[in-house]
């Protein structure tokens, strides 16, 4: 079959699914991204060659801008889904602010979003000061809107909404400040996530009037979106998943089980092309997927192809594999293939492979109520979380949610500044460290909470006290971080008792202060602390000697 005939047939087939015919044709006449050759193949066995790069193990701390059009209403997480759930908080808010979702859908929220106060260089200056060694930016969310110059997806931020290449702006600022740059990709789920947009009200004056989830290009004549196909965004030209009318069903569809409507090949191929284009165009050091294992697995091998392409591209660029790739809910084999990411939770042990926690100081998407109620995580909570994670061979990725206009509020800025002040004194115990033989000691180690699903055990254990200590090492130096200041200005580190098969301590100092008096006995290392603490939140003993 001649190439022209093949493309014509494919374009016709795609247009019958969810793309307008003219765009389907232009999509397929563009060059399909070529998979990078190299040692990695799109199989789990091949990806098992992966080794986590040392730069990531040394970096320990990253900051994330989980920012897109769902931040524009400033009403919290999953707005583009919640606004279609009749009677819910976001639905009621949407009715009041914008109107009924049959007339003003999420596509219209995108149009309302302008990002007029977004200044990436100023934000990255702040984040570098806070100690971040890498920065991650949202490339798309479950709302299926690309935040970059997307060759394969017209619903993107260069054409609609802000009309800016947001990923390019973030990348430029990160590189200027010497930070490793990453992107996070969530759009594989739009197929089922947006099914709520197919609904209509069950009650009230608008009962039975469909929301905008089934609109097509033809419906856009003489509108702001004239010529754009809503089905390219919503991808709802399919029957509902089993139990789709249950608002809580989405979690069960995450790995395309429990009766989820499985996406067609065109959807999977387009996601593959969009993501390869993103990697090739912006060359991220880190790629995060909000998926069980890899996107669209196990119904498609698109995620395996993306992983192999990323690894081979990294080898070609650096001469060795330097990319960091993240997935969730990994089995034992998959943890050899990428970095295990735990959402809003922490492991309870030293993990054999490097891992990462991703969490947020508030909601993932900006919520004005968190600011007004002063309910962000404190700097103390963030620092304790970081110290605990690093002691267990992990990294912390912290989201600082941006307002719709691209700015952060005064409460967020204050938290980041406090983290910066602590890191200026104590970062020696964080960067380039490795776990000791035990991660820590103290009461909190006896009240750990098991991980649930993607993580979500955050904040469920006992509050930390001065006797809660976390360990890290660098060479022959041991760092013992106290997660509180003892009332009597003395502390005993029980793990360093003389009968615990540890070496003889030769010197103890407090970061930010002078050398300390100590005594190593069968009960532990007893240290006399100064009258005044050198900082807030947590306090690091630098212990030198033949620590083994």
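On full extension, the segment bounded by residue 499 and residue 159 gains 115.7 nm, given 0.36 nm per residue less the C-alpha separation. Each semi-axis of the equivalent ellipsoid for the stretch 73-134 is √(5λ) with λ an eigenvalue of the Cα gyration tensor; in descending order they amount to 32, 14, 8 Å. Is the shape of the stretch 39-162 rounded, prolate or oblate, going by the alpha carbon gyration tensor and its root eigenvalues a ≥ b ≥ c, with a/c under 1.5 for rounded and a/b larger than b/c for prolate? Cα axes put the stretch 39-162 in the prolate bin.
Taken as Cα centroids, the stretch 117-173 and the stretch 473-503 sit 43 Å apart, rounded to the nearest whole angstrom.
Gain on full extension, evaluated as 0.36 nm per residue between residue 301 and residue 121 minus their Cα-Cα distance, stands at 61.1 nm. Annotation: the antiparallel percentage among DSSP beta bridges lying fully within the chain is about 45. Dividing the C-alpha radius of gyration of the stretch 373-419 by 2.2 N^0.38 Å, with N its residue count, gives 1.28.
Under 1.5 on a/c is rounded, so check that first for the stretch 264-333, then, if it is not, pick prolate when a/b is larger than b/c and oblate when it is not; a ≥ b ≥ c are the square roots of the alpha carbon gyration tensor eigenvalues. Verdict is oblate for the stretch 264-333. Calculated on the Cα set of the stretch 335-396, radius of gyration then Dmax: 13.6, 43 Å. Gyration tensor analysis over the Cα atoms of the chain returns equivalent ellipsoid semi-axes of 46, 26, 20 Å (largest first, whole Å).
Semi-axis lengths, largest first, of the ellipsoid equivalent to the stretch 90-186 are 29, 15, 12 Å, with √(5λ) applied to each eigenvalue of the Cα gyration tensor.
Relative to the dominant Cα principal axis of the chain, helix 302-318 is inclined by about 60°.
What do you get for the angle between helix 265-282 and the principal long axis of the chain? Use alpha-carbon atoms, 0 to 90 degrees, nearest ten. Taking the Cα atoms of the chain, the angle to 265-282 is about 50 degrees. Subtracting the Cα-Cα distance of residue 283 and residue 114 from 0.36 nm times their residue separation leaves 58.3 nm of extension gain. Percent of C-alpha pairs per 10 Å bin in the stretch 200-346, short distances first: 10, 29, 31, 20, 9, 1, 0. For the Cα atoms of the chain, what angle does the longest principal axis make with the long axis of helix 120-129, in degrees from 0 to 90, nearest 10? In the chain, helix 120-129 runs at an angle near 20 degrees to the longest axis. Could you estimate the translational diffusion coefficient of the stretch 440-545 from the Stokes-Einstein equation, with Rh from the Kirkwood formula over C-alpha pairs, at 37 °C and 0.692 mPa s, in whole µm²/s? In µm²/s, the coefficient is 224.
Throughout, read-outs are computed from the coordinates displayed, never taken from laboratory work. Keep in mind that this is a model prediction, so the values were computed, not measured.
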